[in-house]
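Taking it in order: structure first as structure tokens, then the write-up.
Just so you know, all these numbers are worked out from the coordinates, no wet-lab data involved. Every value quoted in this text rests on a predicted model; they were computed, and no experiment measured them. In this analysis, Cβ positions are derived from the backbone assuming ideal geometry, glycine residues included, and neighbour counts consider all displayed protein chains.
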Amino acid sequence: MIRSNAVAWALCSLALLAGTAQAQGLAYVSSEKDDALTVIDLATLAVKGTIATCKRGRHLQLTPDRKLLVACTDSNVADLIDPASGKSLRRIPLGDEPEAFDLSPDGKTIYVSNEDTGEASFIDLASGKKLKSVKVGGEPEGVKLSADGKTLYVTSEVAGLVHVIDTASAKLVKNIKAGKRPRRMAFSADGRELWVTNELDASVSIISTSSHEVVATLKFEVKGARAEDITPVGIQITRDGKRAFVALGRANHVAFVDVAARKVTNLVLVGKRAWNVTLDKAEARLYVVNGLSDDVTVVDVAGAKALKSIPVGRVPYGLVVVE
Amino acid sequence: MRLRRFVFLLGLATGLLTGTAYAAVLKATLITPQDDPRFERSRLERAYLGHPGGPAGDGLQVALEEGRFELDAAGSSVTLASAAAGSLAAARAAAQAAEKAGAAVLLTDLPADWTLAVADAVKLPVLNIGAAADSLRQQDCRAHLFHLLPSERMRADALAQTLVTRKWSKLLLLTGPGADDQQRAATALAAIKRYGLQVVASKAFKLSADPRERELANPLLLTAGAAYDAVWVVDSDGEFARSLPYRTVLPRPVVGDAGLVALAWHAQFERFGAPQVSRRFAKSNKRPMTANDWAAWVGGKLLVALATTLPKGPNAAWAQALAKTTVDGSKGTTLSLRAWDGQLRQPLLLTDGQGVISQAPVDGVLHPSNVLDTLGADAPEKTCKIAR
């Protein structure tokens, strides 16, 4: 009796701790005009410093061994940075004008979009060798790999297509017509749906990953904003697959979406041209990178409210949380 | 008339992607002036803002090349033929010949009166990519004539809005002797009136070194005797306007055809994927992309959009669909054609030639339905009497 009480008490205090604990760790923000990452302390929500990196840093992502990888469009490389030391470990050539990338589940291969040449390239991270490349539509942007690593999805802004690429053969399997200027993608928790933001259609195209057809389109509306000012780009879906967060670009809001119902539940006012979104590990806070106000807005997910905006570098692009 | 033809064929070798046995072909013909005086070497070298930098085919080809994937995926293709015409009559004949040969759409980079002659000679949709004259959007509008280059009025409105945001409300208006300049000055005055600006003095200028004409030609004398916030210069030719900034009596900015200029495009525009477009253009054509090149490029984009929305045509269906087709012009918003005058609504860029200073419509200007319609003639003005 006493023992079980003690356990209950311990569980209770753990839960309390989890609920009230200050966010720990750091966020790293790339910026297109600073050749540096801005480091934010998540406990204090203040800028801790910067890390010099390659030119025009854009997409950044954590490798499976928890290193930071940032693609630099003007340097044509990725910078591999050790977050522990804040130092660059080495640089990996990514081909012409790399913008966004994804990593194979084993972390060995980088799949990158080459903006100017209209290609998706497969790069060996260890050697920096280009393994394969696939010609895609103009200005490829978002890159997303299926969980099993077999299927690669690349958006083309110019062609308005989502390209489906078989990674084993490096062959284009299908082109899916999305909306105007498809940008970024996220998978549903079960991997059966791919959500694609359409910057110039104020919408998300929901694609079935089995049929590779658009099964639904989610339109965004913001009171007081015209459809042409709603320009969705960044998207993330929670681990349980219940909610999606979509940055609405020039509408200066981020939308919370009920994934199953395909309905917007909340709109949160953030900075100018909300560009990319990142959740922390607890999925309690959402970090929204604002491209035209040079800041990051921290949003409390439970309360659907902006807590603070933190000034970062010039034309910030993406953010990664390291906890 | 000499008819030059080349065919640009895209998207037929696509087995994997389309699965269709027959790809529909959207045939388009571009009609341009033969021996175009705008492209004389000395004019091109001066690169005046708002003047074309080279043939319209350059931008069109870039757009069609970009569209290859989309066309492939839709199982469609676009072919582009071109014809050069030495006179209005030749342009008309070229248009009729293209129609007879099965063209679905014509594109014209021609003077205003030639453009109108072409539109009146055919039933096909005509995309005007070279004539900015408001007459083509107003009294001379045609139901099947569409305009991709912004009109003079749109440019004047963009500039007037910008002056309002700067609170530079008192203007000295200088007008040149060019054939279009009186009309363009009247257009500037209409925009000035619409946005509540004020002309404190209006003078004619002339390019001359003759001391007897110094009142007309000397920038210091022309800009003396009035208190103004900015000088608005109307100069279709460009030489006088270029020499005016920093030569005014008062330290005031020059706007209009030099200084700060409102344009459809500038190669230094940094937002909305514009640098990629400018870079692709420069790579293909070894010159910077101008506003006229953008209009031609967006014409190509429109053809691709049309051919992918209705991959199988036929021509009549394309003609009908065109007015409702929207296009991504890399200016941050989807662009559509105005129902009342066929003009492509679009943001404009304010540039000093070095970079893009700002955009129009400016922040804070309001409109009941689409803020882009604050640039140019709006629906309630009913300046085009033809029903569409």
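Points worth noting:
- Taking the helices alone, chain B has a mean residue ellipticity at 222 nm of -10000 deg cm²/dmol, built from -39,500 (n - 2.57) per DSSP H run of at least 4 residues and averaged over all its residues.
- Degrees, to the nearest 10: B:181-194 long Cα axis against longest axis of chain B: 80
- Angstrom value of the Kirkwood radius, inverse mean 1/r, which spans all Cα pairs in the range B:223-291: 14.0
- Near B:Gly299: Cβ cut-off under 11 Å, other residues only, Lys/Arg at +1 and Asp/Glu at -1. The net charge is -1.
- Ranked for footprinting exposure by Cβ neighbours inside 10 Å, fewest first, B:Asp237, A:Asp295, A:Asp201 give B:Asp237, A:Asp295, A:Asp201.
- Semi-axis lengths, Å, the range B:178-294, gyration tensor of Cα atoms, sqrt of 5 times eigenvalues: 31, 17, 14
- Net charge dipole size for the range B:153-260 [Lys, Arg +1 and Asp, Glu -1 on Cβ; Debye, nearest 20]: 440
- Of all the options B:Leu337, B:Leu250, B:Leu110, the one that moves most in a Gaussian network model of chain B with Cα springs shorter than 10 angstrom is B:Leu250.
- Only helices enter this figure: runs of n ≥ 4 DSSP H residues, each worth -39500 (n - 2.57), summed and divided by the residues of chain A, yield -2000 deg cm²/dmol at 222 nm to the nearest 500.
- For the range B:303-388, a Kirkwood hydrodynamic radius built from all Cα pairs, placed in the Stokes-Einstein relation at 4 °C and 1.567 mPa s, yields a translational diffusion coefficient of 87 µm²/s.
- Within-10-Å neighbourhood charge of A:Ser293 [Cβ basis; K, R +1; D, E -1]: 0
- Degrees separating the helix B:112-121 axis from the principal Cα axis of chain B, which is the longest one: 30
- log₁₀ of I(q)/I(0) at q = 0.05, 0.06, 0.08 Å⁻¹ - the protein assembly as shown, Debye sum with one point per alpha carbon: -0.27, -0.39, -0.68
- Of B:Gly299, B:Gly332, B:Gly225, the one that fluctuates the most in a GNM where chain B has Cα springs shorter than 10 Å: B:Gly225
- Each of B:Thr115, A:Ser104, A:Ala306 was scored by the projection of its Cα onto the charge dipole of the protein assembly as shown, and the greatest displacement toward the positive side belongs to A:Ala306; charges sit on the C-beta of Lys, Arg, Asp and Glu.
- Stokes-Einstein diffusion for the range A:119-202 at 4 °C, viscosity 1.567 mPa s, with a Kirkwood radius from C-alpha pairs, works out to 99 µm²/s.
- All aspartates and glutamates inside 14 Å of A:Lys55 as judged from Cα atoms, apart from same-chain residues fewer than 8 positions distant: A:Glu32, A:Asp34, A:Asp35, A:Asp74, A:Asp79, A:Asp96, A:Glu97, A:Glu99
- For chain B, convex hull volume per residue from C-alpha positions, Å³: 136
- Partner aspartates and glutamates whose Cα lies under 13 Å from the Cα of A:Lys263, excluding those fewer than 8 positions away in the same chain, are identified as A:Glu221.
- Crossing angle, helix B:152-166 versus chain B [Cα axis fit, 0-90 degrees, rounded to tens]: 50
- When the convex hull of its Cα atoms is projected in every direction, mean area for the range B:30-86 (nm²): 4.8
- Whole-angstrom Cα spans of chain A along principal axes, big to small: 65, 43, 43
- Count of lysine pairs in the range B:153-260 with Cα separation under 19 Å (8 or more residues apart, or interchain): 4
- The relative contact order of chain B comes to 21 percent, based on Cα pairs under 8 Å that sit 6 or more residues apart.
- Ranking of B:Ile357, A:Ile237 by count of other Cβ atoms within 10 Å, fewest first: B:Ile357, A:Ile237
- Formal net charge of residues neighbouring B:Thr309 (Cβ-Cβ distance under 12 Å; K, R +1; D, E -1): +3
- Among A:Asp280, A:Asp190, the order by Cβ neighbours within 10 angstrom, fewest to most, reads A:Asp190, A:Asp280.
- Largest GNM mean-square fluctuation among A:Val173, A:Val257, A:Val298, using chain A with Cα springs under 10 Å: A:Val173.
- Over the range A:74-182, relative contact order from alpha-carbon pairs under 8 Å, at least 6 apart, %: 16
- Rg and Dmax of the range A:53-177, both derived from C-alpha coordinates alone, stand at 13.5, 44 Å.
- Using C-alpha pairs below 8 Å separated by at least 6 residues, the relative contact order for the range B:72-211 is 16 percent.
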